[in-house]
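> Before I ask anything, let me first share the structure, which is written out below as structure tokens.
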Amino acid sequence: MDLGISGRRAAVAAASRGLGFATAAALANEGVHVAICSRDEGAVGEAARTIGHGAVALTVDVSTATGARGFVESARDALGGLDILVTNAGGPPPGNFSSTNVDQYLAAIELNCLSVIAMCDAAVPSMREQRWGRVVAITSLAVRQPMPYLILSNTARAGATGFLKTVAREVAADGVTVNSLQPGMHDTERVQRLGGGDTSGIPAGVIGRPEDFGTVAAFVCSEQARFLTGTAIQVDGGAYAGLL
């Protein structure tokens with residue numbers, strides 16, 4: 001299927017590896033001009049070379065609102081404009097209510113909520129002006145089904161999801177869609193560090209492949225997905241058991 005986005009310009013945050021990398025690669029394979037970032041200059045450069053298609057590597061830390069805004073601005077300058085924004089960032093440390101200090105929530109909220117807000121604030125106004133745009137936020141299944149020992153992620157990403165839903169309704173008439181993808185267990189370094197690999201709660205019976213997630217993200221950015229906005233889509237092999 002031709003997704004109708006060849007020649008579009010995309011900024012994909014935290015894309016030197018994992019789901020961000022897979023999303024950037026999927027977009028590039030559709031003919032999208034992609035800029036990616038990481039705080040690790042060597043890693044992001046290698047990722048851009050692997051993606052190919054002229055992918056632009058930017059050394060930026062999006063764990064703060066200032067860094068997140070700076071990434072969007074640098075990507076826009078490098079690409080000559082911006083049509084697609086994929087927000088993404090690493091996850092905060094694991095912990096539960098008893099083990100987590102109140103001060104830790106501030107950093108987690110900046111990492112997984114304020115960074116999303118800052119990237120959207122930098123990217124969406126120009127998308128509205130050009131009457132076309134796609135925002136896809138990579139969040140977590142933890143928004144829909146809070147996960148034990150991930151209280152910081154559960155809290156911060158839920159806030160980001162509320163923001164995205166609100167913005168989606170405000171900008172829909174301007175040709176800009178805003179959606180989030182909620183990955184379950186995928187074969188990424190973070191999942192491995194958290195002891196992932198147990199498929200007992202996944203009806204599909206396997207852990208997800210990042211490249212399959214990237215394909216879903218690319219579709220959400222497509223012309224065919226123009227009527228899809230304000231959604232939070234779980235990509236989890238059926239792990240979420242709720243009706244809504």
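The values are calculated or read from the model by the stated rules, or taken from the named source; none is laboratory data. What you are looking at is a predicted structure, and each value in this text was computed from that prediction instead of being measured. Glycine also receives a Cβ, built like all others from the backbone with ideal geometry; neighbour counts cover every protein chain displayed.
> Being touching a Leu at 6+ places or on another chain (Cβ under 8 Å) and either over 22 Å from residue 18 (Cβ atoms) or not in a helix (DSSP H, G or I) (or both) is the filter here, so list the residues in region 195-229 that pass it.
Within region 195-229, 221, 222, 223, 224 meet the criteria.
> Still on this structure, please answer the following. Just for region 81-91: of the residues that are under 19 Å from the mean Cα position of the chain (by Cα) and at pLDDT 95 or above, which one is farthest from residue 126 (Cα to Cα)?
Here the answer is 89.
> Report yes if residue 48 is modelled with pLDDT of 95 or more and not in a loop (DSSP other than H, G, I, E, B), otherwise no.
Details: modelled with pLDDT of 95 or more: yes; not in a loop (DSSP other than H, G, I, E, B): yes.
Spelling it out, residue 48 is indeed modelled with pLDDT of 95 or more and not in a loop (DSSP other than H, G, I, E, B).
> Which condition number does residue 135 fail, the rest of (1) part of a helix (DSSP H, G or I); (2) without any contact (Cβ under 8 Å) to a residue 60 or more places away in the chain; (3) in contact with a Leu (Cβ under 7 Å, 6 or more places away or on another chain); (4) not polar (S, T, N, Q) being met?
(1)
> While we're here: Just for region 72-106: of the residues that are among the acidic types (Asp, Glu) and either free of Cβ contacts under 8 Å to residues at least 60 places away in the same chain or in a helix (DSSP H, G or I) (or both), which one is surrounded by the fewest Cβ atoms within 10 Å (Cβ to Cβ)?
Restricting attention to region 72-106, the residues satisfying the condition of being among the acidic types (Asp, Glu) are 73, 77, 83, 103.
Filter again for either free of Cβ contacts under 8 Å to residues at least 60 places away in the same chain or in a helix (DSSP H, G or I) (or both), leaving 73, 77, 103.
On the way: 73: 16, 77: 13, 103: 7.
Checked region 72-106; the qualifying residue surrounded by the fewest Cβ atoms within 10 Å (Cβ to Cβ) is 103.
> Let me ask something additional. If you go through region 1-21 one residue at a time, how many are more than 27 Å from residue 90 (Cβ to Cβ) and in contact (Cβ under 8 Å) with a residue 60 or more places away in the chain?
Looking only at that region, the number is 3.
Conditions tested, residue by residue: (1) within 24 Å of residue 51 (Cβ to Cβ); (2) modelled with pLDDT of 95 or more.
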| site | (1), (2) |
| --- | --- |
| 153 | no, yes |
| 160 | no, yes |
| 170 | no, yes |
| 177 | yes, yes |
| 180 | yes, yes |
| 213 | yes, yes |
| 239 | no, no |
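> Which residue is surrounded by the most Cβ atoms within 10 Å (Cβ to Cβ), if the candidates are limited to region 56-71 and must be more than 11 Å from residue 11 (Cβ to Cβ) and in contact with a Lys or Arg (Cβ under 9 Å, 6 or more places away or on another chain)?
Of everything passing the filter in region 56-71, 57 is surrounded by the most Cβ atoms within 10 Å (Cβ to Cβ).
> Among what's in region 137-176 and is among the charged types (D, E, K, R) and farther than 20 Å from residue 13 by Cβ, pick the residue that is surrounded by the most Cβ atoms within 10 Å (Cβ to Cβ).
The selected residue is 144.
> In addition: Would you pick out the residues in region 1-38 that are in a loop (DSSP other than H, G, I, E, B), of a type in the set (A, V, I, L, M) and at pLDDT 95 or above?
3, 5, 13, 14, 15, 32 - these are the residues of region 1-38 that are in a loop (DSSP other than H, G, I, E, B), of a type in the set (A, V, I, L, M) and at pLDDT 95 or above.
> Identify the residue in region 154-194 that is assigned to a loop (DSSP other than H, G, I, E, B) and not polar (S, T, N, Q) and, among all such residues, is farthest from residue 106 (Cα to Cα).
By that ranking, first place goes to 175.
Matching residues to (1) hydrophobic (A, V, I, L, M, F, W, C); (2) surrounded by 16 or more Cβ atoms within 10 Å (Cβ to Cβ); (3) free of Cβ contacts under 8 Å to residues at least 24 places away in the same chain:
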residue: 191; (1), (2), (3): yes, yes, yes
residue: 201; (1), (2), (3): no, no, no
residue: 213; (1), (2), (3): yes, yes, no
residue: 220; (1), (2), (3): yes, yes, no
residue: 237; (1), (2), (3): no, yes, no
residue: 242; (1), (2), (3): no, no, no
